[in-house]
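**Q** I'd like to ask some things about the structure below.
The values are calculated or read from the model by the stated rules, or taken from the named source; none is laboratory data. Computed from a prediction, not measured in an experiment: that's the story for all the values here. For neighbour counting, all protein chains shown are included, and Cβ atoms are generated from backbone atoms with ideal geometry for every residue, glycine included. Calculation scope for accessible area: heavy atoms of the full protein, side chains included, ligands and nucleic acids excluded. Shrake-Rupley method; radii C 1.70, N 1.55, O 1.52, S 1.80 Å.
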Amino acid sequence: MTQETLVRPVAQSPPVPARRRRPPSFRRQGGAAHVFLLPFLLGLVFVTAVPLLASLYLSFTDYDLLHDPELIGLENFQRMVSDERFWASVGVTLRYVLVSVPLQLAFALLLAVVLDKGMRGLALYRSAFYLPSLLGSSVAVAILWRQLFGHEGLVNGVLGWFGVEGESWLQNPDTALSTLVVLNVWTFGSPMIIFLAGLRQIPEELYEAARVDGAGKVRQFWSVTVPLLTPIVFFNLVLQTIGAFQAFTQAHIISGGQGGPLDSTLFYTLYLYQQGFQSFNMGYASAMAWVLLVVIGIVTAAHFLLSKYWVFYGDER
């Protein structure tokens, strides 16, 4: 018997499959995310949702902050129909929105086009032009604006150099609202930065093709820049419209909280403030707040519905 016959092959056991690692449980995987989201969720519930629902309840009550709310149904909303100052505030706010927002966006787009030419110190100019957007709604700037357009202010001082006798812009009902419009236009920095970012995304090849076809600068702007920039215009339009409806600080400081002269600067939010915190008609103020919320929602929805007729996106043919 040979040695080869004495050696028998050892049967090999089948390979043991590798143990599959169990994916981390949902609790272990999302625990850290939930911890970091907790402050936001608490703020959303207790700072936004709960006050929002409370104001909805108060809009159907007679509440003066000193006594318990008393349910009165739709009387607060019916009262608005016959409230002359309510309709005056609506008219002032609509004029402010319809005039200041287009002017602000036009001025912001104009400066964005100028700054897009790659001039020296561009970062400095962008920062300087953006600064008014950070300070425009502050109390300090509103006080400064009151000094500029006062009877002895800087504006009348400059006009005096040219022999023009200026008036008290803030005391004249025909010009008081215009000073607030100018203040809103002055805060063009935020939409300007967004416009500038949009201009940087337009391919240079399109301008070269337009120049080959004989288009001048003006033709290039209306045929190339504006159509490709319409999504950015739409974005800025929605944001600035919502902000204009909520304008408050400027009118409150410049008019001393009264909306004068002759209610010419009585913004809707200012009249809401007067009803809620000066006259203690918190139920009526809550109803006004919900009307404003509904109006802003309707205007925003109208912007989105009409955008399909004038907003063009890059993937459209």
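**Q** Connecting C-alpha atoms closer than 10 Å in a GNM of the chain, tell me which of Leu37, Leu170, Leu270 has the biggest fluctuation.
**A** Highest fluctuation among the options: Leu37.
**Q** Which value, in debye to the nearest 20, gives the size of the charge dipole of the range 64-115 about its Cα centre, when Lys and Arg are +1 and Asp and Glu are -1 at the Cβ?
**A** Rounded to the nearest 20 debye, it is 500 debye.
**Q** Please work out the FRET efficiency for the pair Val35 and Ala301, using the Cβ-Cβ distance as r and a Förster radius of 30 Å; give the result to the nearest 0.05. Walk me through the numbers before you get to the answer.
**A** Details: r = 37 Å, r/R0 = 1.22.
Once rounded, the FRET efficiency stands at 0.25.
**Q** Give, as a single signed number, the net charge of other residues whose beta carbon lies under 14 Å from the beta carbon of Phe221, with Lys and Arg counted +1 and Asp and Glu -1.
**A** +3
**Q** Let me ask something else. Keeping all protein chains in the complex and leaving out DNA, RNA and ligands, what accessible area do you get for Ile193 with a 1.4 Å probe, in Å² to the nearest 10?
**A** Estimated to the nearest 10 Å², Ile193 gives 60 Å².
**Q** Between Glu75, Glu205, Glu84, where does the largest GNM mean-square fluctuation fall for the chain, given springs only between Cα atoms within less than 10 Å?
**A** Among Glu75, Glu205, Glu84, the largest GNM mean-square fluctuation belongs to Glu205.
**Q** How big is the accessible area of Val291 in square angstrom, nearest 10, if you roll a 1.4 angstrom probe over the protein chains?
**A** Here the residue's solvent-accessible area equals roughly 40 Å².
**Q** Using amide H atoms built in the peptide plane, which far-off residues or other-chain residues are under 5 Å from Asp62 H to H?
**A** Glu70, Leu71, Ile72
**Q** Using +1 at the C-beta of Lys and Arg and -1 at the C-beta of Asp and Glu, which of Gln147, Phe86, Phe46 has the Cα lying farthest in the positive direction of the dipole of the chain?
**A** Checked the options; the winner is Phe46.
**Q** Go through the range 196-242 and name the trypsin sites (Lys or Arg not before Pro) that are in a DSSP coil and have 11 or fewer other Cβ atoms within 10 Å of their Cβ.
**A** Numbers: sites: Arg200, Arg211, Lys217, Arg219; in loops: Arg200.
Of the trypsin sites (Lys or Arg not before Pro), the ones in loops of the range 196-242 whose Cβ has at most 11 other Cβ atoms within 10 Å are Arg200.
**Q** Hey, another quick one. With every protein chain present, what accessible area does His252 have (1.4 Å probe, heavy atoms only), rounded to the nearest 10 Å²?
**A** Here the residue's solvent-accessible area equals roughly 50 Å².
**Q** Using the Kyte-Doolittle scale, find the helices of the chain whose mean hydropathy is at least -0.5 and whose Cα atoms extend 18 Å or more along the helix's long axis, counting only whole DSSP H runs. Mind dumping the intermediate values first?
**A** Details: long enough: 26-43 (24 Å, 0.72); 84-115 (46 Å, 1.57); 122-135 (21 Å, 1.08); 226-245 (27 Å, 1.75); 282-307 (37 Å, 1.85).
Once both thresholds are applied, what remains is 26-43, 84-115, 122-135, 226-245, 282-307.
**Q** Relative contact order of the chain: what whole-number percent is it, with Cα pairs under 8 angstrom and at least 6 residues apart?
**A** 26 percent
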